[in-house]
1. Taking into account only those residues within the stretch 300-318 that are more than 11 Å from PHE369 (Cα to Cα) and at pLDDT 80 or above, which is surrounded by the fewest Cβ atoms within 10 Å (Cβ to Cβ)?
2. Would you check if there is a residue in the stretch 382-392 being in contact with a Leu (Cβ under 8 Å, 6 or more places away or on another chain), closer than 12 Å to THR256 by Cβ and among the β-branched types (Val, Ile, Thr)?
3. Can you tell which of ASN406, ASN326 is over 17 Å from the mean Cα position of the chain (by Cα) and in contact (Cβ under 8 Å) with a residue 40 or more places away in the chain?
4. One residue is enough: does the stretch 354-366 have a residue meeting the conditions out of contact with any Ser or Thr (no Cβ under 9 Å at 6 or more places or on another chain), assigned to a loop (DSSP other than H, G, I, E, B), closer than 19 Å to GLY83 by Cβ and open to solvent by 10 Å² or more (accessible area, probe 1.4 Å)?
5. Are any of the residues in the stretch 371-388 closer than 19 Å to ILE157 by Cβ, open to solvent by 10 Å² or more (accessible area, probe 1.4 Å) and among the small types (Gly, Ala, Ser)?
6. Out of the stretch 128-177, which residues are modelled with pLDDT of 75 or more, within 30 Å of TRP188 (Cβ to Cβ) and hydrophobic (A, V, I, L, M, F, W, C)?
7. For the stretch 210-231, name all the residues that are farther than 12 Å from VAL334 by Cβ, touching a Cys at 6+ places or on another chain (Cβ under 9 Å) and touching a residue at least 60 places away in the same chain (Cβ under 8 Å).
8. Hey, can you tell me all the residues within the stretch 50-86 that are of a type in the set (D, E, K, R), part of a loop (DSSP other than H, G, I, E, B) and either on the phi > 0 side of the Ramachandran plot or at pLDDT 80 or above (or both)?
Amino acid sequence: SIMLNSITDGLLCCLMGKTTNAVGPLDSVESSNGYSFMEVKPGRILRVRHSAPPRLAPEGAEEPQPPRGTVHCKRRITVYRNGQLVIENLGDAVRSEILHCHSSSAEPNSTVELELSDVAGQAPAPGATGTPGCATREAAAAPGKRRKRKPKKVITIDCKKQITSCKGTHSDVVLFFIHGVGGSLDIWKEQLDFFAKLGYEVVAPDLAGHGCSSAPQIAAAYTFYALAEDMRAVFKRYAKKRNILIGHSYGVSFCTFLAHEYPDLVHKVIMINGGGPTALEPSLCSIFNMPTCVLHCLSPCLAWSFLKAGFARQGAKEKQLLKEGNAFNVSSFVLRAMMSGQYWPEGDEVYHAELAVPVLLVHGMHDKFVPVEEDQRMAEILLIAFLKVIDEGSHMVMMECPETVNTLLHEFVLWEPETPAGDGQG
């Protein structure tokens, strides 16, 4: 059970980085190698990799950015008592030229009707059938006619978003990378190195119980809300004017949470194999509900299962990537607590439909944890979404295909919508 040891080594490296008897939260202890230790609560310490390039010009001394890429996000979301969700896009945010789609169906005033209960079995979205493309929200009739009843809830979104290119030379841009269950900030090594070399400020934390962060021995420390508050503390510590959130798997949920909480600070979101826009609820009949001692005995089998399901191939290279990425190297207790703590009823389809931020969805086609239909569903629900499918990738696509992923991420970071005609732009 080499891969699923307790994270004693991680705790030791944390203890060496800071004092353990601090009374109040530390701001952070910066180290020379780019790693910091941040005390989000007394005794709850996260390792953070933070890389900020030296700035020649003082903060705010850059040339002002022209007001390009302004998008009018206007949509009406109606939830009916029979479980039907109707999304009416009323602004210009879904114009086909803004989405770079060739389909003429993504016009303003389009309507999406979806059954809230029917997550599976969705028709494939255009451009998401194995070749990189972008999914549009087509006017699709939901199964079964909508009963003419009073709606249960109506939500109106009406705001203007300025979506600009974010270059490494911009001092107000920060990229946040958040990993999922069993991962660590090391899974992002290729992305962190790539963007740091381009001059970007990058931030990547280890979730509690993962990597070199502290691992409290109480299950309540690993609920969605506890981890989300940790990520809020990290975000508030490092956020600037334009922040881009990149999440993988479970980490996508924390990106969505932060984008919802800080709409004016979150500029773009990237979701890698994050799954569908459904509320989180732990599975009742899961292997992770077994006692910790049983999970510990099964750890070699679990590690092999993760390798098989998380990678398109299971060779020496993949095993080495898993080792280098410090992935699936968490204690059985933490693993069990993480899986049973995935309770987030607010994070439903309406919650996702309210997001007025551009989102890039990246999906590894061979992913056995998250079917492509879930990311297609997410693309249908979101207001401004691009879905890119990587044929040769699986769940750990950022480790398997780093060059492809880095290129996609960089293109999206630099993406700026063309200003619609008539907005006074030349």
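1. ALA316
2. The answer is no; no qualifying residue exists.
3. Values: ASN406 fails: over 17 Å from the mean Cα position of the chain (by Cα).
Going through ASN406, ASN326 in turn, just one is over 17 Å from the mean Cα position of the chain (by Cα) and in contact (Cβ under 8 Å) with a residue 40 or more places away in the chain: ASN326.
4. Scanning the stretch 354-366 turns up at least one residue that is out of contact with any Ser or Thr (no Cβ under 9 Å at 6 or more places or on another chain), assigned to a loop (DSSP other than H, G, I, E, B), closer than 19 Å to GLY83 by Cβ and open to solvent by 10 Å² or more (accessible area, probe 1.4 Å).
5. At the first step, the residues of the stretch 371-388 found to be closer than 19 Å to ILE157 by Cβ are 378-385.
Among the residues that remain, those that are also open to solvent by 10 Å² or more (accessible area, probe 1.4 Å) are: 380.
From what is left, the residues that are among the small types (Gly, Ala, Ser) are none.
Within the stretch 371-388 (the criterion being closer than 19 Å to ILE157 by Cβ, open to solvent by 10 Å² or more (accessible area, probe 1.4 Å) and among the small types (Gly, Ala, Ser)), the answer is no, since none of the residues qualifies.
6. ILE163, CYS166, VAL173, VAL174, LEU175, PHE176, PHE177
7. Here is the first cut: in the stretch 210-231, the residues farther than 12 Å from VAL334 by Cβ are 212, 220, 223-226, 228-231.
After this cut, where a residue has to be touching a Cys at 6+ places or on another chain (Cβ under 9 Å) as well, the list is 212, 231.
Result: CYS212, single match.
8. If we filter the stretch 50-86 for residues that are of a type in the set (D, E, K, R), which is where we start, we get 55, 59, 62-63, 68, 74-76, 81.
Pick out the ones that are also part of a loop (DSSP other than H, G, I, E, B) and you get 55, 59, 62-63, 68, 81.
If the condition is that a residue be of a type in the set (D, E, K, R), part of a loop (DSSP other than H, G, I, E, B) and either on the phi > 0 side of the Ramachandran plot or at pLDDT 80 or above (or both), then ARG81 is the only one that fits.
The values are calculated or read from the model by the stated rules, or taken from the named source; none is laboratory data. The shown structure was predicted, so the numbers you read here are calculated from the model rather than taken from an experiment. With ideal geometry, Cβ positions are generated from the backbone for all residues, glycine too; neighbour counts draw on all protein chains shown. Surface areas here come from the heavy atoms of the whole protein model, side chains and all, with no ligands, DNA or RNA. Shrake-Rupley method; radii C 1.70, N 1.55, O 1.52, S 1.80 Å.
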